[in-house]
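Each remark here refers to the structure printed beneath this line.
The values are calculated or read from the model by the stated rules, or taken from the named source; none is laboratory data. Owing to the predicted nature of the structure, the values given are computational and were not obtained by experimental measurement. Here the Cβ positions follow ideal geometry from the backbone for every residue, glycine too, while neighbour counts run over all protein chains shown. The accessibility values were calculated without ligands, DNA or RNA, using every heavy atom of the protein model including side chains. Shrake-Rupley method; radii C 1.70, N 1.55, O 1.52, S 1.80 Å.
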Amino acid sequence: MATIPRPIVSVHGEDVDVEVPRLLTIRATFLSEGLFDEWAGGDPEEEDLYEVEVTHERGALLEPITFPRLMLSTSTEWVDEDDPAPRQLPMERFLLALAWELANADPSNWLRVCEAARGWDSWMVDDAFNRLLPDWTPEPLLPDEDLD
């Protein structure tokens with residue numbers, strides 16, 4: 001079995017990019033903050049709206065897969081005084097879990113994987129994220145590196 005290359009994660013403000021080299025790129029573009037999700041019954045009370053775009057590096061998809069995604073409202077600017085390390089956005093965890101699922105599926109099934117991922121709640125995202133292989137951690141980027 002071929003190994004899946006380690007992902008590269010890039011965060012620009014509230015936008016998040018995950019690239020699995022030679023395989024796929026997922027971009028989450030921040031659209032709006034503090035939305036109330038009526039279907040969630042107020043739990044969580046406020047969520048941020050993103051547009052997620054999935055592309056295959058070798059053109060196996062006729063066009064990118066795009067879908068809206070609500071995530072718990074957070075900010076990269078918030079710092080815990082007890083832990084000054086940058087906090088990971090929930091969208092980063094979601095995209096890494098989604099990247100793993102897509103990397104292990106045939107591109108012909110990616111639309112189904114993305115449709116299922118639209119409905120992942122925070123527990124499902126955490127479970128999928130925690131099941132990632134320990135050595136499949138993001139490649140560290142130097143401060144001046146970028147996916148573009």
> Given the conditions (1) open to solvent by 40 Å² or more (accessible area, probe 1.4 Å); (2) at pLDDT 95 or above, and given that D126 satisfies all but one, which numbered condition is not satisfied?
Replying inline: (2)
> What do you reckon, is A40 over 17 Å from A105 (Cβ atoms), among the hydrophobic types (A, V, I, L, M, F, W, C), open to solvent by less than 60 Å² (accessible area, probe 1.4 Å) and modelled with pLDDT of 95 or more?
Replying inline: no
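Residue by residue, here is whether (1) at pLDDT 90 or above; (2) under 16 Å from G119 (Cα atoms); (3) of a type outside the set (G, A, S) holds:
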site: A2; (1), (2), (3): no, no, no
site: G34; (1), (2), (3): no, no, no
site: E47; (1), (2), (3): no, yes, yes
site: M71; (1), (2), (3): no, yes, yes
site: V79; (1), (2), (3): no, no, yes
> How many residues does the range 92-119 hold that are within 13 Å of the chain's Cα centre (by Cα) and loosely packed, with under 14 Cβ neighbours inside 10 Å?
Replying inline: 1
